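Just below is one structure, and these are the notes that go with it.
Coordinate-derived values only; no laboratory data. None of these values were measured; they are calculated from a predicted model. With ideal geometry, Cβ positions are generated from the backbone for all residues, glycine too; neighbour counts draw on all protein chains shown.
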Amino acid sequence: MKKYYIVFDEYDRGIIINALNNKRNALIREGRYTDAVDEVLLTSGKLNGYLADIDKQAEDMFSRLVKQMAEREGVTEQLKTDNQMEWVARMNNIRSRATEIVNNDIIYS
């Protein structure tokens, strides 16, 4: 059996990869399997780069949000020294909210 290959220029390839990434994100939001889309992205050599980019964006956003929320809510090193349990409770709350925001804005979007 003879195999045929489709050749795309970089612009068309980018459009296709973007569409596949959007489909993958939609499947994740719906709680469905992404195996078929993952296989196409993996064989195209784009999945690992895509996942690394998403991971970097998520980590950067999480760190920025935690820092901003802690500053805005007065969760400081002084509070950590004076009342460690209060500091832990408030930081856990901040991290939880930041994780939810990152998941909604980056991971599942």
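General remarks:
- Over the chain: Kirkwood hydrodynamic radius from C-alpha pairwise inverse distances, Å: 16.8 Å
- Fully extended contour minus Cα-Cα distance, from Asn83 to Ala36, at 0.36 nm per residue: 11.8 nm
- Sparse-neighbour loop sites [GluC sites (Glu not before Pro); the stretch 65-109; at most 16 other C-beta within 10 Å; DSSP]: Glu73
- Stretchable slack from Ile54 to Lys23, in nm (0.36 nm times residue separation minus alpha-carbon distance): 9.7 nm
- DSSP-loop chymotrypsin sites (Phe, Trp or Tyr not before Pro) across the stretch 1-82, with at most 14 other Cβ within 10 angstrom: Tyr4, Tyr5, Phe8, Tyr33
- Met1-Asn103 FRET efficiency (beta carbon distance; Förster radius 41 Å; 0.05 resolution): 0.40
- Each residue of the stretch 21-32 was assigned a 3J(HN,Hα) from its phi angle through the Karplus curve 6.51 cos²θ - 1.76 cosθ + 1.60 (θ = phi - 60°); the sequence is 4, 5, 5, 4, 5, 5, 5, 5, 4, 7, x, 9 Hz, with glycine and proline shown as x.
- Here the chain is assigned +1 on the Cβ of each Lys and Arg and -1 on the Cβ of each Asp and Glu. Its dipole about the Cα centre then comes out at about 300 debye.
- In order through the stretch 67-78: 3J(HN,Hα) via Karplus (6.51 cos²θ - 1.76 cosθ + 1.60), integer Hz, x for Gly, Pro: 4, 5, 5, 4, 5, 5, 9, x, 8, 10, 5, 5
- Pairwise Lys count, the chain - Cα closer than 30 Å, eight or more residues apart or different chains: 10
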